[in-house]
1. Which order do you get for Lys189, Lys225, Lys42, Lys361 if you rank them by accessible area with a 1.4 Å probe, largest at the top?
2. Please give me the summed charge of the neighbours of Arg87: other residues whose Cβ is under 13 Å from its Cβ, Lys and Arg +1, Asp and Glu -1.
3. Considering only protein heavy atoms and a 1.4 Å probe, what is the carbon-and-sulfur percentage of the accessible area of segment 2-71?
4. Cα centroids of segment 167-230 and segment 13-89: how far apart, whole angstrom?
5. What are the ³J(HN,Hα) values, in whole Hz, obtained from phi via the Karplus relation 6.51 cos²θ - 1.76 cosθ + 1.60 with θ = phi - 60°, for each residue of segment 331-344 in sequence order, with x given for Gly and Pro?
6. Between Leu103, Leu242, Leu48, find the one with the highest GNM mean-square fluctuation for the chain; connect C-alpha pairs within less than 10 Å.
7. Hey, could you get me the Stokes-Einstein D for segment 2-71, Kirkwood radius over alpha-carbon pairs, 37 °C and 0.692 mPa s, rounded to whole µm² s⁻¹?
8. For Asp301, tell me the accessible area in Å² from a 1.4 Å probe, rounded to the nearest 10.
Amino acid sequence: MLAILHPDTPLDSDAYRHTLQFLENLPGVSVRVHEIQGAQQKLTEVYLLGDTKSLDKDEIAALPAVERVIRISDDYRILGRHRDDRRQTGFTYNGVHFDQDNLNVFAGLCAVDTPEHVEIMMRALAEHHQPCTRMGAYKPRTNPYSFQGHGKGCLPYVFETAGKHGIRVIAMEITHESHIEEIDECLEKLGRPTGVMLQVGTRNTQNFELLKAIGRQKDYPVLLKRGFGITLNESLNAAEYLASEGNANVIFCLRGMKTEAGQPHRNMVDFAHVPTVKRLTRMPVCIDPSHSVGTRERAPDGIPEVMHATAQGVIAGANMVLVDFHPKPEKALVDGPQALVMDELPAYLEDVAQCHELWKKRRTLYQA
Ligand code: PEP
Ligand code: MN
């Protein structure tokens, strides 16, 4: 069961003390308090875990600090959508808003290689008023002898260049909890010229200790990739690990499933699950067409297949697109064949914007 307190209830008020005292004394029930800082107000949610079936919903709703009570199912307690659940979706981070209705594009380098390429990429994004990008510093690679990313060595110039071009959020995969500190220290030292969304890659979706460590910090939101060989339910539970540790600012990313049946694509595109994840949870949903399709080949209609896959996801209501671009894909150290080139950026962004508008129009057809 979940008790949502009146917005901005002070934690040192009598109403709060009285309410918590009552809830903490319920037999067989443990209490977990979550604070959510929204754009306008602070929300406090009190989760009642354990033996809650016999609890009287009305009695709890009548407690002085409680605004309303929701009976939640066991699945995805914090991130899930439950019956009569009108809680907000999404969050604002470093001035950029993320929810289940809007759309942000994160075009950028799969892996940071040279300062020049970072500069060209970010300058192009700034020219198109894009506040977000992707930049890989820590790369999990199949082959131990492949380039593993420049690691913390590249962070200063990546963050400084981002600041110079007004980039506010960089999606950056981390593969170890120590990377959170490396990123945080570097940002702090530079005076926080930009922000970072911590990315959990598909190979780490069920790395529970990493998820817990990321969930324990609330400074950075998280982009969690779906596991490429597990069920959707298992991946959504992985997202819930982050929330259960305290960080519910999570975006869920579909990136295709590993199966021979997807060939000649790198992974089987799974963007039919965009609306499904939005129905089951309150997370904004991201799509990664680059790692799904795995090639920048164009279809006979002249449109890159990566863009066709993007269109499928965005028309179905995706809220974020993570896509590989590179100024010189032939020189890219990771995933060059799937990177779109800079000349393709304007059409790509326009196409994404048109698909998002079409999703909004489609939605009105079904509104009673
Ligand atoms: C990536 O986004 O760079 C990446 C490695 O993706 P995934 O974890 O989905 O393979
Ligand atoms: Mn990649």
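1. Lys189, Lys361, Lys42, Lys225
2. Working: positive: Arg68, Arg77, Arg81, Arg83, Arg86, Arg282; negative: Glu45, Glu67, Asp84, Asp85, Asp99.
Every neighbour counted, the sum reads +1.
3. Values: 1840 of 3870 Å².
In segment 2-71, the share of accessible area belonging to carbon and sulfur is 47 percent.
4. For segment 167-230 versus segment 13-89, the Cα centre distance is 28 Å.
5. So the Karplus estimates, Gly and Pro as x, are 9, 5, 7, 9, 6, x, x, 9, 6, 6, 9, 4, 4, 8 Hz.
6. The residue with the greatest mean-square fluctuation here is Leu48.
7. 269
8. For Asp301, the solvent-accessible surface is approximately 90 Å².
The values are calculated or read from the model by the stated rules, or taken from the named source; none is laboratory data. As the structure is a prediction and not an experimental result, all values here were calculated from the model. Note that we place each Cβ from the backbone using ideal geometry, even for glycine, and neighbour counts take in every protein chain shown. Ligands, DNA and RNA are stripped out before the accessible areas are found, and what is left, the full protein with its side chains, is counted by its heavy atoms. Shrake-Rupley method; radii C 1.70, N 1.55, O 1.52, S 1.80 Å.
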